[in-house]
1. What do you get for trypsin sites (Lys or Arg not before Pro) in segment 41-105 restricted to DSSP loop and a cutoff of at most 16 other Cβ within 10 Å of the site's Cβ?
2. Near the amide H of L85, under 5 Å away, which other amide H atoms are found, from residues 5 or more places off or on another chain, if H is placed in the peptide plane?
3. To the nearest 20 Debye, how big is the dipole of the chain about its Cα centre, given +1 on the beta carbon of each Lys and Arg and -1 on that of each Asp and Glu?
4. In whole Hz, with x marking every Gly and Pro, tabulate ³J(HN,Hα) for segment 35-52 from phi via Karplus 6.51 cos²θ - 1.76 cosθ + 1.60, θ = phi - 60°.
5. Run the accessible area of the chain with a 1.4 Å probe and give the carbon-and-sulfur part as a rounded percent.
6. Answer with one residue from S84, C22, Q44: the one whose Cα lies farthest towards the positive end of the charge dipole of the chain, charges on Cβ with Lys, Arg +1 and Asp, Glu -1.
7. 7 Å from Cα along Cα→Cβ at both A33 and Q109: what's the point-to-point distance in nm?
8. So what is the accessible area of the chain per residue, in Å², with the probe set to 1.4 Å?
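The values are calculated or read from the model by the stated rules, or taken from the named source; none is laboratory data. Everything numeric in this text was worked out from a predicted model, so none of it was measured. Every residue, glycine among them, receives a Cβ derived from its backbone with ideal geometry; neighbour counts consider all protein chains shown. Areas reflect the complete protein model, heavy atoms only, side chains present, ligands, DNA and RNA absent. Shrake-Rupley method; radii C 1.70, N 1.55, O 1.52, S 1.80 Å.
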Amino acid sequence: QVQLVESGGGLVQAGESRRLSCAASGSISRFNAMSWYRQAPGRQREWVATITRGDTTAYADSVKGRFTISRDNAKNTLYLQMNSLKPEDTAVYYCNAVQMGVYWGQGTQVTVSS
């Protein structure tokens, strides 16, 4: 059973940075891809960024140039470095992993105040 646990959320001011972490149970190198999604109040969950097993990355246009997805296989942890945060980045951020199935973490709240 795959378990994903996000952390690092909190309240930040616009323009500041924050790094989210997603700790996985077991090796993350087994996953075909890992991603970050987010869901703002009253809105559907949306894709933010993906990193593949081959370390190819992709970003939503809304975060491109500000967010960086990375992973540390030795620590079995996925990261999302978020810079130049905006109030519209306020959401619950979820970690996602794909390997024969799709797995989700419980989410971590990020609130950006103006």
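1. Answer by residue number: R43, R45, R53, K64, R66, K75.
2. G15, E16
3. 120 debye
4. So the J values, rounded to whole Hz, are 9, 10, 10, 8, 9, 8, x, x, 10, 6, 5, 10, 6, 10, 6, 9, 10, 8.
5. 47 percent
6. C22
7. 3.0 nm
8. Result: 51 Å² per residue.
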